[in-house]
Amino acid sequence: MAKSNWYKKLEKARNTIQCLACSNYCQIKNNQTGICGIRKNENGKLKLLTYGKPAAVNLDPIEKKPLFHFLPDSQIFSFGTAGCNFRCAFCQNWDISQLPKLNKEFVKMIEKTKETWPPEKIVEYCLENKIPSIGYTYNEPTIFIEYAYDTMILAKKAGLKNVFVSNGYQSKETINAIAPYLDAINIDLKSFSEKFYQKICGGRLEVVLENIKLFHQKNVWVELTTLIIPQENDSEEELNQIAQFIAQIDKNIPWHISRFFPAYQMNHYPTTPIKTLETAYQIGKKAGLNFVYVGNVLTDNLENTHCPKCQTLLIKREGYNIEIAESFKDGRCQKCQTPIVGIWK
């Protein structure tokens, strides 16, 4: 376990603390955990139960996050722990994100588990294997912020880049702390409906929208992903609201439109029709977005990056097979010299 600075004591409630990691701002009684299930009050002090204890560790293609304008065709060291501050009914990684809720013995089990990947080991591994970036992913990294933060500081000093894959539900305290060390973030903009967020995810849309703006203002590279679920967030009206919101911030923010497959508590829902994905793509382009991508499905040309000015093909993608064209060099289209936004080296 790791002691935390991401909390404050509540004067009016003895031995009750308030967690400051995410926007749930849980008030946690003694010997209890917050909503995420991994942040515990021990005699008036907050401790992270999963520090150095990832539930998943992999080397992934950066495109899997997905990040398309960040070190294309590179590998990223990816890890995550158990728990989540959301309870999305469609979660693809529910077996680890919801583990503290599904296993009543989780706290006892994790407290007995030894650290396997402390921050120093992660950074050392990346340097030895020439892996340029570290991804805090699989579950919501905000809830293991002490573990992530310590790793990020060491990574930055070593010349490595840091990437969050997130639901965008950080507290302002967390955003201010990590922004100097965070190079890129992919945020799931799951819907443009407050009802969807509250009913299906257990969060609030307004918080996510404000945090997207804040990360962008702090010059963290932002890409957004929307998993399109039939009957829930697939109306043209809602997709247009999302596209317009992104365009108002910055038309160069990449928007990933992702195909839904039945999962977890929504395994009775149908898979997203290809036509719906194509419609969403056209809505994004009509809103003026320069970079719209369709994912979780093989499509013709809808994962490729083109120059927004002259439409020259710059990066061709087929799944995780990446081909960087000669027409793209040093972050510019070589045909018309238009700079393409992103982090390319």
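Rule-based calculations on the coordinates, nothing more; no lab input. Source: prediction; values computed, not measured. Here the Cβ is made from the backbone with ideal geometry for all residues, glycine too, and neighbour counts use every protein chain on show.
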*Tell me, what HN-Hα J-couplings in whole Hz come from the Karplus equation 6.51 cos²θ - 1.76 cosθ + 1.60 at θ = phi - 60° for each residue of the stretch 76-89, using x for Gly and Pro?*
9, 6, 10, 8, x, 10, 8, x, 6, 8, 10, 9, 4, 5
*Measuring from label point to label point, each 7 Å out along Cα→Cβ, what is the Thr279 to Asp330 span in nm?*
4.5
*Using just the helices of the chain, give the 222 nm mean residue ellipticity in deg cm²/dmol: DSSP H runs with n ≥ 4 each add -39,500 (n - 2.57), and the total is spread over all residues, rounded to 500.*
-7000 deg cm²/dmol
*asked:* What is the angle, in °, between the Cα long axis of helix 119-128 and the longest principal axis of the Cα atoms in the chain? Nearest 10 is fine, range 0 to 90.
replied: 30
*By how many nm would the segment from Asp300 to Gln337 grow when fully extended, if each residue of separation counts as 0.36 nm and the alpha-carbon distance is taken off?*
10.7 nm
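What are the trypsin sites (Lys or Arg not before Pro) within the stretch 82-162 that DSSP puts in a loop, where the Cβ has at most 13 other Cβ atoms within 10 Å? Let's see the in-between values first.
Numbers: sites: Arg87, Lys101, Lys104, Lys108, Lys112, Lys114, Lys121, Lys130, Lys156, Lys157, Lys161; in loops: Arg87, Lys104, Lys114, Lys130.
Answer by residue number: Lys104, Lys114, Lys130.
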*Using the Cα atoms of the stretch 193-258 to build a convex hull, what is its mean projected area in square nanometres?*
4.5
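Please report Trp117, Trp344 as a ranked list, fewest other C-beta atoms within 10 angstrom at the top and most at the bottom.
Details: Trp117 18, Trp344 15.
Listed from fewest to most nearby Cβ atoms, that is Trp344, Trp117.
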*Net lengthening on full extension, Thr16/Ala158 (0.36 nm per residue, minus Cα-Cα)*: 47.3 nm
*From the phi of every residue in the stretch 138-145, what ³J(HN,Hα) in whole Hz does the Karplus formula 6.51 cos²θ - 1.76 cosθ + 1.60 yield, where θ is phi - 60° and glycine or proline is x?*
6, 10, 6, x, 4, 6, 10, 4
*Sum up the charges of everything whose Cβ sits under 12 Å from the Cβ of Pro339, counting Lys and Arg as +1 and Asp and Glu as -1, but leave Pro339 out.*
+2
*Using distinct alpha-carbon pairs, which all enter the 1/r mean, Kirkwood radius of the stretch 5-142 in Å*: 16.3
*How many percent of DSSP beta bridges within the chain run antiparallel, rounded to 5?*
50
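Once the piece of chain linking Asp250 and Asp73 is laid out straight, how much longer is it, given 0.36 nm per residue of separation minus the C-alpha distance between them?
Details: separation 177, 0.36 × 177 = 63.72 nm, distance 2.47 nm.
Between Asp250 and Asp73, full extension yields an extra 61.3 nm.
Mind running the shape call on the chain? Use the C-alpha gyration tensor, a ≥ b ≥ c as the square roots of the eigenvalues: rounded below 1.5 for a/c, prolate if a/b tops b/c, oblate otherwise. Walk me through the numbers on the way to the answer.
On the way: a/c = 1.89, a/b = 1.45, b/c = 1.31.
It comes out prolate by the Cα gyration axes.
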